[in-house]
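The values are calculated or read from the model by the stated rules, or taken from the named source; none is laboratory data. Fair warning: this is a prediction, and the values are worked out from it, not measured in the lab. Counting neighbours? That spans all protein chains shown, and the Cβs are built from the backbone with ideal geometry, glycine included. Surface accessibility is based on the protein's heavy atoms, side chains included, excluding ligands, DNA and RNA. Shrake-Rupley method; radii C 1.70, N 1.55, O 1.52, S 1.80 Å.
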Amino acid sequence: MKILLTNDDGVHAPGLEVLEAIAREFTDDIWICAPDEEQSGMGHALTLTRPVRLRKHGERRFSVTGTPTDSVTMGLRNVMDGAPDAILSGVNRGANLADDITYSGTVSAAIEGALAGIRSIALSQVTSRDGEAGADTFDAARKWGAKVLAPLLDAPLPRRTLVNVNFPAIAGEAVKGIRAVRQGFHDYSRGTVVEGRDPRGFRYYWFGLQAIEHSLDHGTDLEAIDEGYVSVTPLQLDLTHHASLGELGERFA
Ligand code: MN
């Protein structure tokens with residue numbers, strides 16, 4: 001089995017090392033093509049307005065001066081010697097749950113893989129806001145990564161679908177199991193904008209993340225994570241709201 005690894009935290013991110021260790025439990029035919037710098041929050045962005053550079057860091061290990069989507073494209077077209085059997089993206093430092101998925105470079109790299117017709121799985125480690133000093137952020141991902149991937153690597157996945165996996169922000173031994181759940185939603189989402197002045201006195205704004213309020217709805221990724229389970233959510237590329245299509249069509253008839 002040949003696997004391509006990527007992420008949005010950058011080629012030197014600790015989560016990519018975690019992912020490589022997980023992938024090595026299945027194969028040694030591992031290729032890495034990831035952004036050279038952190039690209040969190042870039043979503044499915046494709047670099048069109050400037051050239052990108054490909055850098056070789058070692059055998060089957062490359063970075064791209066671009067986005068996660070650029071990295072998958074380069075990996076498939078210019079780096080690998082044939083299509084991989086799977087693309088794994090992550091392990092992201094931070095959750096990719098509910099409505100946050102469309103911001104996610106981690107999930108979007110897997111979307112790009114699904115568009116290319118390749119089995120693609122995004123993996124994210126939820127981080128606690130009051131993380132204990134010295135605690136291993138990726139402990140749950142390390143202990144549960146191979147357990148969740150084994151069934152996913154040979155599950156029948158329809159074309160134009162991908163899988164989104166999140167590990168809860170607790171020690172691996174405390175994780176209760178794995179749940180297949182649907183994507184949840186936030187009742188209310190509000191980012192922060194921090195205003196400040198740079199060293200030359202000019203005003204700047206810096207977007208941040210804020211604790212997002214949501215009611216835990218039964219059977220969602222948010223609920224599974226909150227209850228200490230690894231969440232597994234199949235996603236589809238078709239964003240059409242099929243239930244509205246007929247009525248909307250009648251308005252244009
Ligand atoms: Mn990230």
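Would you confirm whether or not the range 121-134 contains a residue that is at pLDDT 95 or above and open to solvent by 70 Å² or more (accessible area, probe 1.4 Å)? The answer is no; no qualifying residue exists.
So, VAL165, is that one open to solvent by 50 Å² or more (accessible area, probe 1.4 Å) and touching a strand residue (DSSP E or B) at 6+ places or on another chain (Cβ under 6 Å) or not? It is false that VAL165 is open to solvent by 50 Å² or more (accessible area, probe 1.4 Å) and touching a strand residue (DSSP E or B) at 6+ places or on another chain (Cβ under 6 Å).
How many residues does the range 106-120 contain that are open to solvent by less than 10 Å² (accessible area, probe 1.4 Å) and outside any helix (DSSP H, G or I)? Working first, answer last.
Of all residues in the range 106-120, those open to solvent by less than 10 Å² (accessible area, probe 1.4 Å) come to 106-110, 113-114, 120.
In the following step, the residues that additionally are outside any helix (DSSP H, G or I) were identified as 120.
Count: 1.
Do any strands (runs of 3 or more DSSP E) entirely within the range 39-105 hold 1 or more residues that are open to solvent by 70 Å² or more (accessible area, probe 1.4 Å) and more than 16 Å from the ligand (Cβ to nearest atom), and if so, which? Here the list reads 54-58, 61-64.
As a summary of the residue check, HIS186 satisfies the conditions (1) in a loop (DSSP other than H, G, I, E, B); (2) open to solvent by 40 Å² or more (accessible area, probe 1.4 Å) except for the one numbered (2). Applying the selection to the range 1-18, what residues are crowded, with 21+ Cβ neighbours inside 10 Å and either more than 15 Å from the chain's Cα centre (by Cα) or away from the ligand (no atom under 12 Å from the Cβ) (or both)? Hits for the range 1-18 are ILE3, LEU4, LEU5, VAL11, VAL18.
Restricting attention to the range 23-38 and to residues that are in a loop (DSSP other than H, G, I, E, B) and of a type outside the set (Ser, Thr, Tyr), the residue that is farthest from the chain's Cα centre (by Cα) turns out to be ASP28. In the range 225-246, the residues that are under 19 Å from ALA141 (Cβ atoms) reach residues that are acidic (Asp, Glu) with C-beta atoms within less than 6 angstrom, at least six apart or across chains, in these pairs: SER231/ASP221; THR233/ASP221.
Out of all the residues in the range 20-34, is one or more open to solvent by 30 Å² or more (accessible area, probe 1.4 Å) and within 13 Å of the ligand (Cβ to nearest atom)? Checked the range 20-34: no residue is open to solvent by 30 Å² or more (accessible area, probe 1.4 Å) and within 13 Å of the ligand (Cβ to nearest atom). Going through the range 228-253 one residue at a time, which ones are open to solvent by 40 Å² or more (accessible area, probe 1.4 Å) and either among the charged types (D, E, K, R) or closer than 17 Å to ILE121 by Cα (or both)? Listed by number, the residues that qualify are PRO234, GLN236, ASP238, GLU247, GLU250, ARG251.
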